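The values are calculated or read from the model by the stated rules, or taken from the named source; none is laboratory data. If you're wondering where the values come from, they're calculated on a predicted model, not measured in any experiment. Backbone-built Cβ (ideal geometry, glycine too); neighbour counts: all protein chains shown.
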Amino acid sequence: MGDRDKKQAVNGLLKRIRENDLFALGELMELKQPDVRRIAFPILQDVSLCEDLLNDVLIIFLKNIDSFKNEENINGWFNAVTVNLAIDMKRKSSRELPMSSEKLPDSGGGAFEESLINKMSTVDALERMPPLERSVLVDKILGGLTYIQLAEKYDLTKKSIRTVFAKAKKIFKDLYR
């Protein structure tokens, strides 16, 4: 399913969920599961935790369903919340999380390991960023929000958001090294 089709499906499900259609919530879970797993697995490294995370994301979605004014941003919202919850879940874990039996397959060479190391470096850098800068960076890059949309979301001016985003990129770049 393409991004455009997925947006239309999510918007249709949103309308049905607002009308108290519980089947629509199940359909939304099925639709968002691959995205949540794709985003959260490199952070959590555990498929069952990714499933728990999907439930947490949907609970937050239901709590905030009336606040969605612009339905175009729902997929970006899901991505941003997924990243933030996965980072929080990883941070709260006091021990090293074991790799589940449903781990991603080895590519047979060093490419997989190198990719995983890069992803973990990204997670580490995101974890160490100040919350506002991290959220703006995630919303802009993963969520695809415009500066105007970010300004509305964070109740800042467009100029302030540009400054926060520039600062976020610099912080991330410095921490990623």
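Per the conditions (1) under 16 Å from the mean Cα position of the chain (by Cα); (2) without any contact (Cβ under 8 Å) to a residue 60 or more places away in the chain, the sole criterion not satisfied by residue 48 is (1).
When segment 1-39 is limited to residues that are acidic (Asp, Glu) and surrounded by 13 or more Cβ atoms within 10 Å (Cβ to Cβ), the one that is farthest from residue 49 (Cα to Cα) turns out to be 21.
Within segment 151-177, being outside any helix (DSSP H, G or I) and surrounded by fewer than 16 Cβ atoms within 10 Å (Cβ to Cβ) holds for 155, 157, 177. Do you know which of the residues in segment 19-46 that are at pLDDT below 80 and in a helix (DSSP H, G or I) is nearest to residue 143 (Cα to Cα)? My answer is 25. Against the criterion of being modelled with pLDDT of 65 or more, crowded, with 19+ Cβ neighbours inside 10 Å and in the same structural domain as residue 18 (by TED's automatic domain parsing), residue 78 qualifies.
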